[in-house]
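Each remark here refers to the structure printed beneath this line.
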Amino acid sequence: MIVRDYEQEKSSERRVDSEGWHSVRLLLKDDGMGFSFHITTIHAGAELEMHYRHHLESVYCIAGVGSIEDLASGEVLEIRPGVVYALDQNDRHILRARSEMTMACVFNPPVTGRETHDETGAYPLLSEAT
Ligand code: 9YT
C-alpha cells in the first residue's frame with residue numbers, strides 16, 4: 001500500500017512549478033499503478049493551451065471556477081467544483097481560470113515526473129523516449 005500526504009509532498013520534489021500552474025504528482029509511473037495522480041493548482045487568470053497527444057487525462061475540479069475550450073469544436077464549457085472533464089480524444093484545449101483552481105488529474109499512461117510541456121502543450125512519452 002502507498003500512503004502519501006499532500007501537505008508533506010507539496011514541498012517535496014514531487015512539486016513542479018510552471019507558467020500559470022503548479023502541480024504535486026502524488027502517484028507516478030514508478031508506483032506501478034498504471035496511471036499517475038496529480039493535484040494541480042491553476043493560477044487565477046491563467047490561460048493554458050494544452051494538447052496531450054500521448055496521454056489520456058481526466059481532471060476533476062475541487063475548487064475554483066473557469067472554463068475549458070475544445071479547440072476542435074470551439075465549444076466552451078464551464079468548470080466549477082464537482083465537474084470532471086476527460087480528454088478521451090487527446091483533445092487540444094484551452095483551460096482558463098477565473099479564480100485559482102484546484103484540480104485532481106489522472107494520466108494514462110502515467111507520467112514519470114520529469115515531463116514538461118513541449119511547444120505544442122504536450123508531454124513526451126518518456127517511457128518510449130528514454
Ligand atoms: C489541469 C491540468 O491540465 N493538469 C495537468 C497536469 C499538470 N499540469 C501536471 O501535473 O503536469
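The values are calculated or read from the model by the stated rules, or taken from the named source; none is laboratory data. These numbers were taken from a predicted model, which means no experiment stands behind them. Glycine also receives a Cβ, built like all others from the backbone with ideal geometry; neighbour counts cover every protein chain displayed. To get the accessible areas, we keep the full protein, side chains included, count just its heavy atoms, and leave off ligands, DNA and RNA. Shrake-Rupley method; radii C 1.70, N 1.55, O 1.52, S 1.80 Å.
Data table
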item	result
Checklist (1) hydrophobic (A, V, I, L, M, F, W, C); (2) in contact (Cβ under 8 Å) with a residue 40 or more places away in the chain; (3) farther than 16 Å from Cys105 by Cα applied to Val76, failing item	(2)
Verdict on Gly20 being open to solvent by less than 30 Å² (accessible area, probe 1.4 Å) and either among the aliphatic types (A, V, I, L, M) or at positive phi (or both)	yes
Residues located in the stretch 36-77, provided they are under 30 Å from Ile2 (Cβ atoms), modelled with pLDDT under 95 and surrounded by fewer than 15 Cβ atoms within 10 Å (Cβ to Cβ)	Arg53
Any hit, the stretch 66-81, residues being part of a loop (DSSP other than H, G, I, E, B), within 20 Å of Arg14 (Cβ to Cβ) and hydroxyl-bearing (Ser, Thr, Tyr)	no
In the stretch 13-61, the residues that are within 13 Å of Glu100 (Cβ to Cβ) and among the aromatic types (Phe, Trp, Tyr)	Trp21
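For (1) at pLDDT 95 or above; (2) in a loop (DSSP other than H, G, I, E, B); (3) more than 12 Å from the chain's Cα centre (by Cα), each residue gets a yes or a no:
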residue	(1), (2), (3)
Ser99	yes, yes, yes
Met103	yes, no, no
Val111	no, yes, no
Arg114	no, yes, yes
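To keep it simple, each residue is scored yes or no on (1) closer than 15 Å to Glu57 by Cβ; (2) at pLDDT below 95; (3) surrounded by fewer than 12 Cβ atoms within 10 Å (Cβ to Cβ).
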{"position": "Ile79", "(1), (2), (3)": "yes, no, no"}
{"position": "Tyr85", "(1), (2), (3)": "yes, no, no"}
{"position": "Arg96", "(1), (2), (3)": "no, no, no"}
{"position": "His117", "(1), (2), (3)": "yes, yes, no"}
{"position": "Leu125", "(1), (2), (3)": "yes, yes, no"}
{"position": "Ala129", "(1), (2), (3)": "no, yes, yes"}
